[in-house]
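*Asks:* Below you'll find the structure I mean.
The values are calculated or read from the model by the stated rules, or taken from the named source; none is laboratory data. Everything numeric in this text was worked out from a predicted model, so none of it was measured. Counting neighbours? That spans all protein chains shown, and the Cβs are built from the backbone with ideal geometry, glycine included. The accessibility values were calculated without ligands, DNA or RNA, using every heavy atom of the protein model including side chains. Shrake-Rupley method; radii C 1.70, N 1.55, O 1.52, S 1.80 Å.
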Amino acid sequence: MDQDFIIIGGGIAGISLAARLAPAGRVLLLEAEDQLAHHASGRSAALYEPNYGPPAVVALSKASEPHFRATADILTPRGLLMVAGPGEEDAFKAEAQAMEMTQISPHEARAMVPILRPDRITLAAHSTSAEDIDTDLLLQNFAREARTAGAQIRVRARVTGIRREGGGWHVSWQGGEARAQVLINAAGAWVDEVAALAGIAPLGFRPLRRSMARIPAPAGVDVARWPMVFGPEETWYMKPDAGALIVSPAEEDPVDAPHDAWADDMVLAEGLARYEDCVTGPVTRLLASWAGLRTFSPDRQPVIGFAPKQAGFFWLAGQGGYGFQTCPAASQLAAALILGQRPDLAPDLVAALAPARFA
């Protein structure tokens with residue numbers, strides 16, 4: 001089966017790129033699991049906050065906004081509230097400034113989220129720029145665009161072999177094989193493993209676990225309009241979700257190897273305790289818990305570009321938990337580089353994302 005482009009990885013990175021490339025050539029996307037977006041993309045906090053993340057992420061997030069605004073029902077207003085107590089003043093000030101948040105009084109914060117403890121919360125800052133992302137709709141829109149343009153999307157296709165052959169790449173999986181001129185590595189936490197399979201030096205990506213718990217909303221309280229709430233230096237966060245609350249310890253715990261992650265009970269308990277310290281009611285039960293792997297490059301910026309001195313091997317990796325809010329611009333950049341077009345983004349940003357920076 002001859003293709004122009006083979007994409008390994010069916011998360012939001014791979015799917016959005018498939019939609020961009022399919023009008024220009026034959027695209028085959030391979031996903032190891034039974035469904036698309038099974039791992040990190042399926043466990044997202046689903047928030048668009050353009051000022052959240054390192055500089056290159058912020059630039060990609062802001063460049064993605066036109067796509068979000070042009071697509072009906074993708075974004076819904078949410079808002080972002082940071083709260084802090086004694087001893088957290090310096091961290092609060094630095095984070096509020098970095099995220100362009102407006103300081104408000106603790107009384108105003110409690111008007112937004114009535115369960116905040118008046119004896120604990122002494123500082124608050126708010127931003128209206130944060131919005132919920134309908135991640136399922138965004139993913140399905142890109143998948144539909146890709147298929148409509150002729151892309152083939154295969155699940156249960158775990159790649160078992162990659163070799164350079166005849167000026168292109170030969171990829172095999174249980175039950176199939178294909179060849180293409182360009183191979184795109186969008187395998188999330190597994191990107192270094194895919195590179196090694198292709199005989200290319202890994203870049204040192206680190207998968208970090210983050211846990212989440214879904215808990216009941218306070219009895220008789222409508223939380224639908226509450227903002228997302230977090231502590232300075234992201235030691236915990238809370239977000240309304242379909243009539244309940246999602247609470248995370250926001251940990252970044254390294255894992256020995258990429259895998260289907262699950263929540264660590266002790267880490268989850270510690271994070272819930274930090275949340276409880278800021279609110280008036282205890283957590284009495286969990287509705288569900290889960291975890292995902294946020295994968296970072298050594299400098300914590302995404303990696304988008306061809307591998308140096310490795311013809312046709314393209315990195316689309318290291319989204320680090322920012323995949324949904326950056327995917328429109330990241331996929332446009334990746335498609336432009338693959339197709340030999342001039343990117344719309346600034347040259348210094350393109351260079352900051354290129355894998356050549358690790359050479």
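*Asks:* All but one of (1) surrounded by 21 or more Cβ atoms within 10 Å (Cβ to Cβ); (2) more than 26 Å from residue 299 (Cα to Cα) hold for residue 88, so report the exception by its number.
*Replies:* Every condition holds for residue 88 apart from (1).
*Asks:* Anything in segment 331-355 that is touching a strand residue (DSSP E or B) at 6+ places or on another chain (Cβ under 7 Å) and open to solvent by 10 Å² or more (accessible area, probe 1.4 Å)? List them, or say none.
*Replies:* 337, 338, 354
*Asks:* Looking only at residues in segment 259-274 that are part of a helix (DSSP H, G or I) and of a type outside the set (A, V, I, L, M, F, W, C), which one is surrounded by the most Cβ atoms within 10 Å (Cβ to Cβ)?
*Replies:* Once the filter is applied, the top-ranked residue is 271.
*Asks:* I need the full set of residues from segment 332-359 which are more than 21 Å from residue 299 (Cβ to Cβ) and either under 13 Å from the mean Cα position of the chain (by Cα) or not in a loop (DSSP other than H, G, I, E, B) (or both), in order please.
*Replies:* Selection gives 332, 335, 336, 338.
*Asks:* Sort out which residues of segment 161-193 are in contact with a Gly (Cβ under 6 Å, 6 or more places away or on another chain), open to solvent by 70 Å² or more (accessible area, probe 1.4 Å) and either without any contact (Cβ under 8 Å) to a residue 24 or more places away in the chain or small (Gly, Ala, Ser) (or both), and write them in order of number.
*Replies:* Correct list: empty.
*Asks:* What's the total number of residues in segment 275-295 that are over 24 Å from residue 205 (Cβ atoms) and either assigned to a helix (DSSP H, G or I) or within 23 Å of the chain's Cα centre (by Cα) (or both)?
*Replies:* So the answer is 4.
*Asks:* In addition: Find the residue count for segment 142-159, including only residues that are open to solvent by less than 90 Å² (accessible area, probe 1.4 Å) and farther than 20 Å from residue 19 by Cα.
*Replies:* Matching residues across segment 142-159 total 1.
*Asks:* With respect to residue 102, determine if the residue is open to solvent by 40 Å² or more (accessible area, probe 1.4 Å), touching a helix residue (DSSP H, G or I) at 6+ places or on another chain (Cβ under 9 Å) and farther than 15 Å from residue 234 by Cβ.
*Replies:* yes
*Asks:* Could I ask something else about it? How many of the residues making up segment 63-80 are crowded, with 20+ Cβ neighbours inside 10 Å and farther than 15 Å from residue 142 by Cα?
*Replies:* 3
*Asks:* Right, something else. If only one of 318, 243 is small (Gly, Ala, Ser) and modelled with pLDDT under 95, which one is it?
*Replies:* 243
*Asks:* In segment 296-330, what residues are small (Gly, Ala, Ser) and either open to solvent by 50 Å² or more (accessible area, probe 1.4 Å) or assigned to a helix (DSSP H, G or I) (or both)?
*Replies:* Within segment 296-330, 311, 321, 323, 329, 330 meet the criteria.
*Asks:* Which one is least open to solvent (accessible area, probe 1.4 Å) among residues in segment 109-138 that are in contact with a helix residue (DSSP H, G or I) (Cβ under 6 Å, 6 or more places away or on another chain) and closer than 22 Å to residue 323 by Cα?
*Replies:* 133
*Asks:* Further question: Of these, 196, 178, 186, 244, which one is more than 23 Å from residue 335 (Cα to Cα) and in contact with a strand residue (DSSP E or B) (Cβ under 8 Å, 6 or more places away or on another chain)?
*Replies:* One residue alone meets the criteria, 244.
*Asks:* Select from segment 211-252 the residues that are assigned to a loop (DSSP other than H, G, I, E, B) and either touching a helix residue (DSSP H, G or I) at 6+ places or on another chain (Cβ under 8 Å) or open to solvent by less than 10 Å² (accessible area, probe 1.4 Å) (or both) and list them in ascending order.
*Replies:* 223, 226, 227, 231, 235, 236, 249, 250, 251
*Asks:* Return yes or no: is residue 83 more than 20 Å from residue 226 (Cβ to Cβ) and crowded, with 16+ Cβ neighbours inside 10 Å?
*Replies:* Judged against the criteria, residue 83 is not a match.
*Asks:* Within segment 40-62, work out how many residues are open to solvent by less than 40 Å² (accessible area, probe 1.4 Å) and either in a loop (DSSP other than H, G, I, E, B) or free of Cβ contacts under 8 Å to residues at least 24 places away in the same chain (or both).
*Replies:* 8
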